[in-house]
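Remarks on the structure that follows.
Nothing in this text is a laboratory measurement; each read-out follows from the coordinates by a stated rule. Since the model is a prediction, treat every value here as computed from it, not as a measurement. When we count neighbours, we look across all protein chains shown, and the Cβ atoms used for this are built from the backbone with ideal geometry, even at glycine.
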Amino acid sequence: MGWGRVCTLLLCALMPALFLSCERARGGSAGGKRLIILGIDGMDPDLLTKFMAEGKMPNFARLAQQGSFRRLTTSIPPQSPVAWSNLITGMNAGGHGIFDFIHRDPKTFQLYFSTSRVEGPKHSLHLGNWVIPLGSGSAEQLRHGKAFWEILDEQGIPNSVYRIPANFPPISAKGRTLSGMGTPDLRGTYGTFTFYTDDATAVAGAVEGGEVVQVEVQNSRVTSHLIGPENTFRKNSPPATEPFTVDVDPLEPVARVSFQNQQFVLKEGEWSGWVPVEFQLVPFIGNVKGICRFFLKQAHPRFQLYVSPINIDPENPALPISTPSGYSRDLAKEIGEYHTQGIAEDTKALSDGVLDDKEYLEQARTVLAEHRRAFDAEFPKFRQGLFFFYFSSLDLNGHMMWRLTDPRHPAYDPTLAAQYGNALEEFYQQIDQVLGEVLRKIDADTTLLVLSDHGFAPYRRSFNLNTWLLNNGYITLEAGSTPDANQPFAEVDWSRTRAYALGLNGLYVSQRGREREGIVEPGQADALLREIRQKLLEIRDPKDNSQVITRVDLASEAYQGPYARTGPDALVGYNRGYRAGWRTILGAFPPDVLEDNTNAWSGDHCMDYTKVPGVLLSNRKIDAQNPALTDIAPTILAEFGIAKTKDMMGQSVFHPR
Amino acid sequence: MTILSALPALAAFKLFLFTSPLAIVVVLSIVIGLLMVVLFGYTSNQKAIKIAKDQLKAHLLAVRLFQDQLHVVVSSYGRILRGTGRYLKLAFMPLLYVIIPITLLVVQLDRYLGSTAISKDSPFLMTVRLSNADALNDVSLDLPPELTMTAPAVHVPAAREVVWRLAASQEGVYEIKVVASGESMAKTVRVASELARVSPVRLREHFWERMFMSSESALPENSPVEAIAINYPERNIEIAGYEMNWIWLFFIFSMIAGFIFKELLGIQV
């Protein structure tokens, strides 16, 4: 017997053993049971019904016809971090503690991201301009409660959960998980773009979703810096920067970008691929890696270069974004670099006018293409247990493209509508194609759930709740001061303020013992809230006499669980067409209580939760007549014969009691 | 029968060896580690090196044993210093005999392992640097049919350069003609998916730079073009989750191999 034969035989003997041990390491056996969940953020039941009726979503139509299609009751409030946390834990916000995108510290009124906290080391040593950390920093997830895949792990059910929101940093898991919405960019924000221009009329500095940097074109060359994360190794933590050069052809609309030993050429209106970038925090010792994309918006007569938010590099993540930790890298090797930032579509760049509709849509299509590449890579590997895959496109593009489908919208533009009015429909159709791939490959032992966290509605008019509270005597300003339309709670006299609004739906009582200068006794809070509720429900829009607010849920009635009283005291539910104004969300006082929304962000769901249900479709019969997001975790567990935990509120949608 | 059944495994191994840069680096490191040790053994005075090393060990031992006798410690340190100088003197020439051919070999290997060839349909840049910025508008390319220009040329007066973005529709070795101020010169570009020898730049003059970076003949001395460069992507080799340039891997593996062979062959280094 030759050595080649020996090697071949050994390989043949070892391969099954290796395969089995890998399977075991991945979490045991689900007894052949398979559950696939497609999480489609923001898929609206009305739009879906319309597109199915028009024959534009044949795979969804087939699934609805052969299986079931229900409206899925969303969360209070119907915001994605809250809704997905309901789904993940089977509890409402009182149980998982996520009430909004942003939360506030009642003592300091400091705002912070609701789902995670990234902190530097607690102690450090200062040596001149250098700061030496004594210990390591941390990234902490703020969602409470057990996630359904933690329970599956405990029971040995294999699972992979791709990009589910409110899972940054990802909790410890045996299966493959990748963090989704809530994952910051390298600067620690939800996404900060940079826009370089020599346009003297552009105002340099921070804009809503990014930063505008004034540059000069000298001898056809622009020299500037990419702006990275705060350098906590330096005194006062200035941002780390890396220089780059752009050589613009003197005549043609084309330029060469040179950056950290990399060079690429961009035509006007062209995007680069992902460009790796390394920020040096301490020379030769400490650096962080990210990836970004460049877009040459204009070469002549004005120089305009957009640089995307710098995403955490999936191949060298500066913060944990996957389990196992090397999974993000393995995926990048397989499908190429991809957005790791939770909200990948750069909606702010469109709202700020830095990108136009065409440019934004190119970027948004790239995001969906990446998600589809990841899906195409991961789905064929699924053998048994749970496979969860999340798509963000219908939500973000619902927000941005709604105005082009709604002639009643203040931001409706018939010319743009003619060009891009069907963009949202295209995204729906792409999701239909994904479903088609799944339907082709499922068998009788496979349960399929397709669901969304909420639906969608127009956002035509802004309601400035803080201005209304001010006008109605619930907020009082310092004597002689005037309302500030931009600064949060500027000049508020807290000794005479009883209630305030913060976040997209939150209404708070300024309670004694909780807020720093609270004056309302805890026992009087509910009475005050009922009084405000009564008045809010009576508000009519002078434009067409529509009711602006259709429900107000008191936290004491809506929430159960240990965190029920740590969030807003009441949740304001706006009618379709209305939402909290952009500036009132952060505590400012715009002059008008009601104003037109002319922002490109034109569709929304942060309103009365009964008006924006999500969707639930399955290849099996759904027995529950009014399923809710909190039913999904119990449903998943029941599919694998696992009893729901005592904290879970819902029940299996297939076997309701 | 036995030979026949071994053939696929042999073929697979051969394929792995010739397509995996890591395997190539490992094999080369072992071979070169062995060669380094043997060459050092032949070109050095082994007996003198052994004596120098033994003496160094003795002096080090003296430092440890007579820590309480200052004059012994001080004189031992002096002897260690002298002994080190003697050892370095004995090793200098043999090291030169080893280093010079190894350096030349590494330069040649870097043409294969330092960069990857251009991939089919992937954009790449070709940069022509001129002596005179005034001639920037007098440069053009003559492309073979398999190559196309995917963006207009970028003229960079600040660097006296013209940059083209090109893409290849088929794999192969192509010659791009650059016409500058009426003079024509060529640059090769290699489009391949497997390991290939590439020359990132063609230069005028700059003997040493050419020696280390180019495998093409020099541009004519009176040419208006100083350099023609292709931005071949840098190759990083992955090992144990880390990616690094092949030179580092080669350095680590050849040192390990050298230490092993030194012991096996009883050569004093």
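Taking every C-alpha pair closer than 8 Å and separated by at least 6 residues, the mean separation divided by the residue count of chain A gives a relative contact order of 22 percent.
Dividing the mean sequence gap of close Cα pairs (under 8 Å, 6+ apart) by how many residues chain B holds gives a relative contact order of 24 percent.
Checking the table A:Lys33/A:Lys146; A:Lys107/A:Lys611; A:Lys535/A:Lys644; A:Lys174/A:Lys644 against a 31 Å threshold on Cα-Cα, which pairs fail?
Working: A:Lys33/A:Lys146 22 Å; A:Lys107/A:Lys611 34 Å; A:Lys535/A:Lys644 41 Å; A:Lys174/A:Lys644 20 Å.
Those over the limit are A:Lys107/A:Lys611; A:Lys535/A:Lys644.
For A:Glu230, the residues whose amide H sits under 5 Å from its own are A:Ala240, ignoring neighbours fewer than 5 places away on the same chain, with H placed 1.01 Å from N. If you take the alpha carbon atoms of the protein assembly as shown and fit the smallest convex hull around them, that volume is 259 Å³ per residue. If one computes the Cα centroid of the range B:112-135 and of the range A:74-112, what distance in Å separates the two points? So the separation of the two Cα centres works out to 53 Å.
Placing +1 at every Lys and Arg Cβ and -1 at every Asp and Glu Cβ, with all other atoms neutral, what dipole size does chain B have around its Cα centre, in debye to the nearest 20?
Details: 24 positive and 22 negative charges, 325 e Å.
So the dipole magnitude of chain B works out to roughly 1560 debye.
How much of the DSSP beta bridge set in chain B is antiparallel, as a percent to the nearest 5? Counting only bridges with both partners in chain B, antiparallel ones make up about 95 percent.
Treating only the Cβ atoms of Lys and Arg (+1) and Asp and Glu (-1) as charged, compute the dipole magnitude of chain A about its Cα centre; round to the nearest 20 debye. Walk me through the numbers before you get to the answer.
Details: 65 positive and 75 negative charges, 414 e Å.
Using only the charged Cβ atoms, the result is roughly 1980 debye.
The phi torsions of the range A:315-331, fed into the Karplus equation with coefficients 6.51, -1.76 and 1.60 and a -60° offset, translate into couplings of 7, 9, x, 6, 10, x, 10, 8, 10, x, 4, x, 5, 4, 6, 4, 5 Hz, rounded to whole numbers, with Gly and Pro shown as x.
Give me the net charge for the shell around B:Leu130: Cβ to Cβ below 13 angstrom, other residues only, Lys and Arg +1, Asp and Glu -1. Please report the intermediate quantities before stating the final value.
Numbers: positive: B:Arg129, B:Arg160, B:Arg204; negative: B:Asp134, B:Asp138, B:Glu161, B:Glu183, B:Glu226.
Summing Lys and Arg as +1 and Asp and Glu as -1 gives -2.
With helices as the sole contributors, the protein assembly as shown gives -10500 deg cm²/dmol at 222 nm; each DSSP H run of n ≥ 4 counts as -39500 (n - 2.57), and the sum is divided by every residue. Once backbone amide H atoms are built at 1.01 Å from N, A:Leu594 has A:Asn464 as its partners under 5 Å, excluding neighbours fewer than 5 places away on the same chain. The slack in the chain from A:Asp199 to A:Ile285, taken as 0.36 nm per residue of separation less the alpha-carbon distance, amounts to 27.2 nm. The angle separating the long axis of helix B:21-43 from the principal Cα axis of greatest extent in chain B is about 50 degrees.
What per residue convex hull volume, in Å³, do the alpha-carbon atoms of the range B:147-212 yield? Each step should come with its number before you reach the end.
On the way: hull volume 8.2 nm³, N = 66.
Cα convex hull per residue, to the nearest whole number: 124 Å³.
Dipole orientation for chain A: of the candidates A:Tyr420, A:Val282, A:Pro407, A:Val282 has the Cα lying most toward the positive pole (charges on Cβ; Lys, Arg +1; Asp, Glu -1).
Taking A:Lys122 as the anchor, which lysines have their alpha carbon closer than 17 Å to its alpha carbon, excluding any fewer than eight residues away along the same chain? By straight Cα distance, A:Lys122 reaches A:Lys235.
Fewest neighbouring Cβ atoms within 10 Å first, the residues A:Arg496, A:Arg34 line up as A:Arg496, A:Arg34. Residues in the range A:414-425 carry Karplus couplings, in order, of x, 5, 5, 4, 5, 7, 10, x, 9, 4, 4, 4 Hz; the curve used is 6.51 cos²θ - 1.76 cosθ + 1.60 with θ = phi - 60°, and Gly or Pro positions show x.
The lysines whose alpha-carbon is closer than 22 Å to the alpha-carbon of B:Lys187, local same-chain residues fewer than 8 away aside, are B:Lys120, B:Lys177.
Of all DSSP beta bridges confined to the range A:460-608, the antiparallel ones make up roughly 80%. Partners of A:Lys358 within straight-line reach, counting lysines whose Cα lies under 22 Å from its Cα and excluding those fewer than 8 residues away in the same chain: A:Lys267, A:Lys297, A:Lys348. Put simply, the amide H of B:Ala117, placed in the peptide plane, has neighbours under 5 Å in B:Ala196, leaving out anything fewer than 5 places away on its chain. Taking the Cα centre of the range A:460-608 as origin and assigning +1 to Lys and Arg Cβ atoms and -1 to Asp and Glu Cβ atoms, the resulting dipole is close to 240 debye. In order along the range A:222-234, phi translates into HN-Hα couplings of 10, 10, 8, 10, 7, 9, x, x, 4, 8, 6, 7, 10 Hz, rounded to whole numbers, per the Karplus curve 6.51 cos²θ - 1.76 cosθ + 1.60 with θ = phi - 60° and x for Gly and Pro. Averaging 1/r over every pair of different alpha carbons in the range A:485-643 and inverting the result gives a Kirkwood radius of 18.2 Å.
Neighbours of A:Ala485 by Cβ distance under 10 Å: Lys/Arg scored +1, Asp/Glu scored -1, total -1.
In this simple spin-label model, placing a label point 7 Å from the Cα along the Cα-to-Cβ direction at both B:Ser193 and A:Glu278 gives a separation of 3.0 nm. By definition, a body whose alpha carbon gyration tensor gives a ≥ b ≥ c is prolate when a/c is 1.5 or more and a/b is larger than b/c, and the range A:64-163 fits this prolate description.
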